[in-house]
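Single-structure report; data block below.
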Amino acid sequence: MEKNSSLWKSLVTEHPLCTTWKQEAEGAIFHLASILFVFVHIAYQVHSITFAREFHVLYSSLFKPLGIPLPVFRTIALSSEVVTLEKEHCYAMQGKTSIDRLSVLVSG
């Protein structure tokens, strides 16, 4: 290993291979750190995703029956906005409103 390699490089890409059991703590510390890193990464990936009530209704009624996973729905929901329309208000009109976005009517 080079003398001026970074800590990240030495821990992730050039880690020592465990070929035999050693009595020293070096291998054990490395493996414990790797296990901890994996657990933290998995916990980050599966942490509970919370949304506003409108998004929960939309996911449970439209996206969940189609088998779309929650992380994919999260990507869609984070790039969207909720618009509340008044009674008798038109959101879009044929020939006048551009069709550059996806719209879903949740209730009404």
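The values are calculated or read from the model by the stated rules, or taken from the named source; none is laboratory data. As the structure is a prediction and not an experimental result, all values here were calculated from the model. Note that we place each Cβ from the backbone using ideal geometry, even for glycine, and neighbour counts take in every protein chain shown.
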Subject >> Residues within the stretch 34-55 that are under 13 Å from ARG74 (Cα atoms), among the β-branched types (Val, Ile, Thr) and more than 11 Å from the chain's Cα centre (by Cα), tallied >> reply: 1
Subject >> Only listed residue being in contact with a helix residue (DSSP H, G or I) (Cβ under 8 Å, 6 or more places away or on another chain) and modelled with pLDDT of 75 or more, chosen from TYR44, TYR91, TYR59 >> reply: TYR59
**OP:** Search the stretch 26-72 for residues being among the small types (Gly, Ala, Ser) and not in a helix (DSSP H, G or I), and hand back the single one that is surrounded by the most Cβ atoms within 10 Å (Cβ to Cβ).
**Re:** ALA52
